[in-house]
Amino acid sequence: MLNRRGALATFLTGVLGSLGARGAEAATMTPSSKQPADPTEILRLWPHGAPGGEGVTVEEKIIERGDPKVLMDRAQVHTRDPKLAVFRPKKPNGAAVMLTPGGGYERVVLDKEGYETARWLADRGYTCFVLFYRMPGDGWAAGGDAPLQDAQRGMRLIRSKAAEMGFSADRVAIMGFSAGGHLAANLTVRSDAPTYDPVDAADQLPAKPNLSALIYPVVTLDLTAAHPGSRKQLLTSADTPDRARELSPEKQVREGLAPVFLLHAADDKTVPVENSLTMFAALKAKAVPSELHVFEEGGHGFGLRFTVGKPVAAWPELFERFAKRHGI
């Protein structure tokens, strides 16, 4: 029987084989004593505190959900001070990506959908920013728009740092996973929504992403295909059907949006594949450049680490090709 280290070695062999030699360094994950250090460069989103927090009493904390002796799987709950964790590449390619991890709008998954993917992208030259966004159910005045406020502010703040950090302000993408995929889709279709009052010069910059990647995303709030947990967090008992429609990105698609990459597994039992199918159909109807990949198996929440031995392991390079074709 394999011990933990043996199991990890087997896992790494599969990861490196599936991602190829070029992705070997970024894909390598070792026991916690040797894992890559957490980023130390942090950008606070709101210099005077996030808007609408007068009634917020929850306490921010990080929890460990997995086995830190093998692979860390941390999540931050009750974000009070939204921020961007920065990953600078050794050889910048002139583009940037803001990542919005999942967590059912109850938490932000740090490692699996944030830091690991950011390292993979940084290894390919992208300057990466992992967004720690607020939860809509924590009492923020904006409710379901509190995460969108953070995403809009995050994109604007990233653009304000473009010259300083060595990337182009018109080559900034967003990549979102699961509930973070909903946030990315919401930003894609509602980037210009006036959700907060400007706080500094950065807010004069556009929040529209130049490209969006939606990875096994929550999209619709329609009861026929919605992720129940995310829907519960985004809506209150006072919200009307019009509000549910407003927070359903597939119903807000319009012409002129940035290109969109969609990825889902057909056997996803947590977020039905219909979320990506309906979003793709809406994008196609408005002639928005888009690409959809549906894999037979993969389940939900696979990120990079749970793709071993499955065709879905190809997704990072499929995204990279799509991004390059569209100038990102």
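The values are calculated or read from the model by the stated rules, or taken from the named source; none is laboratory data. Since we're looking at a predicted model, the values are computed, not measured. Glycine gets a Cβ as well: all are built from the backbone with ideal geometry, and neighbour counts include every protein chain shown.
Of note:
- Scanning the range 263-318 for residues that are among the basic types (K, R) and either under 16 Å from T188 (Cβ atoms) or more than 20 Å from the chain's Cα centre (by Cα) (or both) yields K284, K286, K310.
- Of the residues D145, D138, D123, D150, the single one that is in contact with a His (Cβ under 7 Å, 6 or more places away or on another chain) and at pLDDT 95 or above is D138.
- The requirement of being under 19 Å from V130 (Cα atoms), among the aromatic types (F, W, Y), out of contact with any Gly (no Cβ under 8 Å at 6 or more places or on another chain) and crowded, with 20+ Cβ neighbours inside 10 Å is satisfied by F261.
- Restricted to the range 121-142, and to residues there that are hydrophobic (A, V, I, L, M, F, W, C) and out of contact with any strand residue (DSSP E or B) (no Cβ under 9 Å at 6 or more places or on another chain), the residue that is surrounded by the fewest Cβ atoms within 10 Å (Cβ to Cβ) is A141.
- Selected residue (criterion: farthest from E113 (Cα to Cα)) from residues of the range 146-182 that are among the acidic types (D, E) and surrounded by fewer than 22 Cβ atoms within 10 Å (Cβ to Cβ): E164
- Test for A213: is it under 23 Å from D150 (Cα atoms) and part of a strand (DSSP E or B): yes
- Near pairs, Cβ below 8 angstrom, 6+ apart or cross-chain, from the range 165-193 (closer than 15 Å to L205 by Cβ) to any residue that is of a type in the set (D, E, K, R) and surrounded by fewer than 24 Cβ atoms within 10 Å (Cβ to Cβ): M165/R88; A169/R159; V172/R159; S191/K208; D192/K208
- Residue pairs meeting the criteria (Cβ under 6 Å; at least 6 apart or on separate chains; first closer than 21 Å to R80 by Cβ, in the range 103-125; second surrounded by fewer than 21 Cβ atoms within 10 Å (Cβ to Cβ) and basic (K, R)): L110/R74; D111/R74
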